[in-house]
Amino acid sequence: MNKILQQLSLCIEKGRVNKDSNYPPDMKGLSGAFELTRQALEEGVSAQAVLNDGFLPGMKIVGDKFRDGKIFLPEVLISAKAMSSAMELLKPYFQSGEINYKGKVIMGTVAGDLHDIGKNIVKMVLEGGGWQVVDLGINVRAEKFIDAIKSNSAKVIGLSAMLTTTMQNMNEIVRKIKLEVNDVIVIVGGAPVTKAFANSINADEYFPDPQGMLDYLNKKTTT
Amino acid sequence: MDSLISLKQSIVKEFKFNYEACAISENHIIELLGYDADTVPEPVLETIIFLLEELPNKIRLQSGYKIFNPRKVKLNGDNFIIDNRTFSCGKIIYSSLKNSETIAFLISSVGTEIEEWSKHFMDNGEVLKGYLIDKVASELVEQLADKTELLLEDELKEIELHATNRYSPGYCGWSVADQQNLFSLLPDKFCGVSINADSMMMPTKSVSAVIGVGKNIEKKDYQCSICEIEFCYKRERNA
């Protein structure tokens, strides 16, 4: 693999945003994810390679460490910040179609529920894993989810709920989605949600953490 | 003297506290996040220091309780009734409340500013700051509820009564829909808190709870082992 991309991957893993950053102390003075992304593009590395061989391996290591309990959520967010600052440089390539996302995921917090921190963290992890996320925000009704699935031709939808009552709204939303749209994978999550509840409302999958969802989606694309 | 006779009418108390009443330390936040002083990453520590400097200006600590006149309260099978409103609290909570002679409601809130502060950072891509503020706000409101619970217990001790643990709609198998009943029995915007049609409290960093009161009751541990919600904050807090 290109040496710049290896270094870029390391910067994302370690959460090194740019050259001016003091973090991590052992990389002080060195280029960060932002400069290395720019350098790679200037040297003719394809934007797709920057994403696939620079960004994704770094975030994969971070996600695996988090899943295995070796790091905590703040470190995932530090890495995600390094990635998102460099991602700004790739935006034009996404817009031109030069880079392909792995797929598109519609996400939202279900009707009645105004919590968005958990959903936002899942969104960051999925984006860091190369997925395009269409974020419908909070307090989202079934009709809005269905419209978004249809207008984006999406195959995956993620629903978040943080309260036991809004879990019941999740039930109704899943029912309506399944009635209106064929061939869509409905994934549910949130603090009070359990695997048993997900099964009971006919959701396709439940994950207690963002990395579980990302691993599942990545596996789906390769099978 | 029969201590419950002194509760001839409901008692409502509301408190306002300054930040020092529930101050949270740097080390406490570090521990909340899973680290210790040696392992906390520098950007996390910097964010905590920033947060602690600003926090006193971002919170509005309000709490209170209402102890109901025992004549208005009935415990009935798996639920309890106050003023003809039935609370279907479920078997886990009912088993703790069943020997109560009356019921108290407790409300605590840290206000709206802190959640707006968190949202501001989240919306501007400063997710670490937004997340840490949210985490600290959740801890602060629980600490405030702990403090208010102690104030209630002190008041009850004076009339030789005891209190159970506190139990909140939405946890331990109790549907959060009962918030509608709970808030209907409190003064309007008690402690600055109201609920929406979906029973969500505003401000969101608020706690509502029910506490059993009586002469012969004891405070039992939460029965997380028989509840199926694996990632409940009460399980985490009581671990």
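The values are calculated or read from the model by the stated rules, or taken from the named source; none is laboratory data. Computed from a predicted structure; not experimentally measured. Note that we place each Cβ from the backbone using ideal geometry, even for glycine, and neighbour counts take in every protein chain shown.
One residue is enough: does region A:166-177 have a residue meeting the conditions in a strand (DSSP E or B) and either farther than 23 Å from residue B:203 by Cβ or away from chain B (no Cβ under 14 Å) (or both)? No, every residue in region A:166-177 fails to be in a strand (DSSP E or B) and either farther than 23 Å from residue B:203 by Cβ or away from chain B (no Cβ under 14 Å) (or both). What are the residues in region A:125-167 that are out of contact with any helix residue (DSSP H, G or I) (no Cβ under 9 Å at 6 or more places or on another chain) and either among the aliphatic types (A, V, I, L, M) or in contact (Cβ under 8 Å) with a residue 40 or more places away in the chain (or both), if any? Across region A:125-167, the qualifying residues are A:148, A:152, A:153. Checked against (1) touching a residue at least 60 places away in the same chain (Cβ under 8 Å); (2) more than 14 Å from every other protein chain (Cβ to nearest Cβ), residue B:19 passes all but a single condition, namely (1). Does residue A:187 fit the bill of being in a helix (DSSP H, G or I) and either aliphatic (A, V, I, L, M) or in contact with a Lys or Arg (Cβ under 9 Å, 6 or more places away or on another chain) (or both)? Judged against the criteria, residue A:187 is not a match. Only one entry in B:52, B:45, B:32 is within 14 Å of another protein chain (Cβ to nearest Cβ) and either among the hydroxyl-bearing types (Ser, Thr, Tyr) or touching an Asp or Glu at 6+ places or on another chain (Cβ under 7 Å) (or both), namely B:32. Number of residues in region A:11-36 that are out of contact with any Gly (no Cβ under 7 Å at 6 or more places or on another chain) and either touching a residue at least 24 places away in the same chain (Cβ under 8 Å) or not assigned by TED's automatic domain parsing to the domain that holds residue A:72 (or both): the value is 7.
The lone criterion from (1) surrounded by fewer than 20 Cβ atoms within 10 Å (Cβ to Cβ); (2) more than 22 Å from residue B:201 (Cβ to Cβ); (3) over 22 Å from the mean Cα position of the chain (by Cα) left unmet by residue B:95 is number (3).
Scanning region A:19-73 for residues that are more than 14 Å from every other protein chain (Cβ to nearest Cβ), part of a loop (DSSP other than H, G, I, E, B) and surrounded by 14 or more Cβ atoms within 10 Å (Cβ to Cβ) returns A:19, A:30, A:31, A:45, A:46.
When region A:78-114 is examined, which residues are found to be within 13 Å of chain B (Cβ to nearest Cβ), within 23 Å of residue A:156 (Cβ to Cβ) and touching a Leu at 6+ places or on another chain (Cβ under 7 Å)? Correct list: A:110, A:113. What number of residues within region B:180-196 satisfy the criterion of being out of contact with any strand residue (DSSP E or B) (no Cβ under 6 Å at 6 or more places or on another chain), within 14 Å of chain A (Cβ to nearest Cβ) and under 20 Å from residue B:116 (Cα atoms)? Residues in region B:180-196 being out of contact with any strand residue (DSSP E or B) (no Cβ under 6 Å at 6 or more places or on another chain), within 14 Å of chain A (Cβ to nearest Cβ) and under 20 Å from residue B:116 (Cα atoms): 1 in total.
Can we say residue B:67 is more than 19 Å from the chain's Cα centre (by Cα) and either within 14 Å of chain A (Cβ to nearest Cβ) or modelled with pLDDT of 95 or more (or both)?
Working: more than 19 Å from the chain's Cα centre (by Cα): no; either within 14 Å of chain A (Cβ to nearest Cβ) or modelled with pLDDT of 95 or more (or both): yes.
So residue B:67 fails the test.
Sort through B:208, B:118, B:199 and tell me the only one that's within 13 Å of chain A (Cβ to nearest Cβ) and assigned to a strand (DSSP E or B).
Values: B:118 fails: assigned to a strand (DSSP E or B); B:199 fails: assigned to a strand (DSSP E or B).
After ruling out the rest, the residue left standing is B:208.
Which of the following residues is surrounded by fewer than 19 Cβ atoms within 10 Å (Cβ to Cβ), over 13 Å from residue B:67 (Cα atoms), out of contact with any His (no Cβ under 9 Å at 6 or more places or on another chain) and not hydrophobic (A, V, I, L, M, F, W, C): B:178, B:188? Write out each step before concluding.
Working: B:178 fails: surrounded by fewer than 19 Cβ atoms within 10 Å (Cβ to Cβ).
Going through B:178, B:188 in turn, just one is surrounded by fewer than 19 Cβ atoms within 10 Å (Cβ to Cβ), over 13 Å from residue B:67 (Cα atoms), out of contact with any His (no Cβ under 9 Å at 6 or more places or on another chain) and not hydrophobic (A, V, I, L, M, F, W, C): B:188.
Is it fair to say residue B:83 is surrounded by fewer than 17 Cβ atoms within 10 Å (Cβ to Cβ), over 21 Å from the mean Cα position of the chain (by Cα) and within 14 Å of another protein chain (Cβ to nearest Cβ)? For residue B:83, the condition - surrounded by fewer than 17 Cβ atoms within 10 Å (Cβ to Cβ), over 21 Å from the mean Cα position of the chain (by Cα) and within 14 Å of another protein chain (Cβ to nearest Cβ) - is not met. Taking region A:193-217 as the range and being at negative phi, surrounded by fewer than 20 Cβ atoms within 10 Å (Cβ to Cβ) and not aromatic (Phe, Trp, Tyr) as the test, the residues that pass are A:194, A:195, A:196, A:199, A:200, A:204, A:205, A:208, A:209, A:212, A:215. Put simply, of A:99, A:71 the only residue that is within 30 Å of residue A:161 (Cβ to Cβ) and in contact with a helix residue (DSSP H, G or I) (Cβ under 6 Å, 6 or more places away or on another chain) is A:71. The residues in region A:191-223 that are over 14 Å from residue A:157 (Cα atoms), part of a loop (DSSP other than H, G, I, E, B) and in contact with a Phe, Trp or Tyr (Cβ under 9 Å, 6 or more places away or on another chain) can be counted, and the count is 6.
Scanning region B:152-181 for residues that are closer than 19 Å to residue B:94 by Cβ and in a loop (DSSP other than H, G, I, E, B) yields B:168, B:169, B:170, B:171, B:172, B:173, B:174, B:175.
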